[in-house]
Amino acid sequence: MDAAQRTGRGDANVAAALTWVVPGAGHVYLGAPIFGIAAFLVVTGLYVLGIRLSGGMAFEFLQTDLRSLIAPVLTPEVGNLSAVIWHMRTYGFGPPFPRPWPEHIELGTFLTAASGVLNVCLACKAHFDARLPRGMRSTRPAPGLLVLAGWVLPGLGHWLQGRRLRGVLVFSCVAGFVALGTALAQGANLDRERHFYYWSAQFLAGSPAWILEAFWGGELVRSDLRYGDAGLAFGAVGGLLNILAWLDVYGSGEREALAHLEPAEPPAARVPA
C-alpha cells in the first residue's frame, strides 16, 4: 500500500506541487499550518526583499531577442512559481528604453534566485513529510535538508549521508567546472547582466559560483575572449551537474530515512512501584 494511503497524511506529489505553486502550501495541506505559514514568510520574504533591492529589473538583463513568455522558466526563480508570475505581471521586461541599474541589483537578483531554489528544497521536505508515517520520525538526515546542503556546498549532502567519497567527487566536478569556466571566460560568466541564462545555470552550483562572483564579478572585458564560449558552457554544466547530485542525494536519502523510523515521542518511563 502506498505510504500516503497508509498514513493518511496526504499525497506526496500533491504536497510537493502545492509547495512549488505557493511556498508552505504543501505543509498546510499536510496539517502543519504553522510551519507552512513560517515557510511562506521566509521564502516569499526573500523574493520581496530581492525585488526591492533590484527594483524588479531582473528580467531587464535579457536582450530583446531573448525575451519571451517562457523566459522565466529557464531561471532559478521559477522554483517559486507564484512569486515569479507576480514578478512578470508587475514588472515584466520593463519599459522599451534602458534605465540605470539600482545600486544593489546584483544582491537583489541573487535573493530572488535563492528564493526559487530554497522553495525547491521546501518542496522536497513536503514530499518526504507526506510519506512519513504519523507519530514517527527518522533517525537519518532529512532528505530536503540534504538537498539544501548540496546546493550551498556541492557534495555536502552526500557527505552528511556518509557517502563521503561521492561527496568529494561531486564537489570536485561541480567546483572544477565552474572554476575552469571562469578561467576560460576570464570572469565574464559571473555576471547575470552579460549572460543571463548561463548565469542561471551556474547559480545552481552553489557557493563555488557565489564566491567567484563576489570577488571577480563585474570585471571589465578588455580583449577578445578566445575561449569565452567554452568558459560559459563549462560554468553552466557545473550548475546543471549539481542538479543530478541533488536528485541522487534526495532519492537515496528518502529511502534511507523511511527505512529507519522511530516513535516521535518515546514512551514515558515506568514509575517503579
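The values are calculated or read from the model by the stated rules, or taken from the named source; none is laboratory data. Keep in mind that what you see is a predicted model, and the values were worked out from it rather than measured. Note: ideal-geometry Cβ built from the backbone for every residue, glycine included; neighbour counts use all protein chains shown.
Here are some notes:
- Among the conditions (1) assigned to a loop (DSSP other than H, G, I, E, B); (2) over 17 Å from the mean Cα position of the chain (by Cα), residue 23 misses just one, which is (2).
- Filtered residues of segment 145-162 (kept if touching a residue at least 40 places away in the same chain (Cβ under 8 Å) and either under 17 Å from residue 259 (Cβ atoms) or β-branched (Val, Ile, Thr) (or both)): 146, 147, 152, 161
- Residue within segment 183-190 that is within 30 Å of residue 65 (Cβ to Cβ), under 21 Å from the mean Cα position of the chain (by Cα) and outside the structural domain of residue 125 (by TED's automatic domain parsing) present: yes
- Within the set 210, 199, the sole residue that is touching a Lys or Arg at 6+ places or on another chain (Cβ under 7 Å) and assigned by TED's automatic domain parsing to the domain that holds residue 161 turns out to be 199.
- Close Cβ contacts (under 8 Å, 6 or more residues apart or on different chains) running from residues in segment 84-111 that are part of a helix (DSSP H, G or I) to residues that are modelled with pLDDT under 90 and among the hydrophobic types (A, V, I, L, M, F, W, C) comprise 109/61.
Yes/no matrix, rows are residues, columns are (1) under 12 Å from residue 154 (Cβ atoms); (2) β-branched (Val, Ile, Thr); (3) at pLDDT below 95; (4) crowded, with 22+ Cβ neighbours inside 10 Å:
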residue: 203; (1), (2), (3), (4): no, no, no, yes
residue: 214; (1), (2), (3), (4): no, no, yes, no
residue: 220; (1), (2), (3), (4): no, no, yes, no
residue: 229; (1), (2), (3), (4): no, no, yes, no
residue: 234; (1), (2), (3), (4): no, no, no, yes
residue: 245; (1), (2), (3), (4): yes, no, no, yes
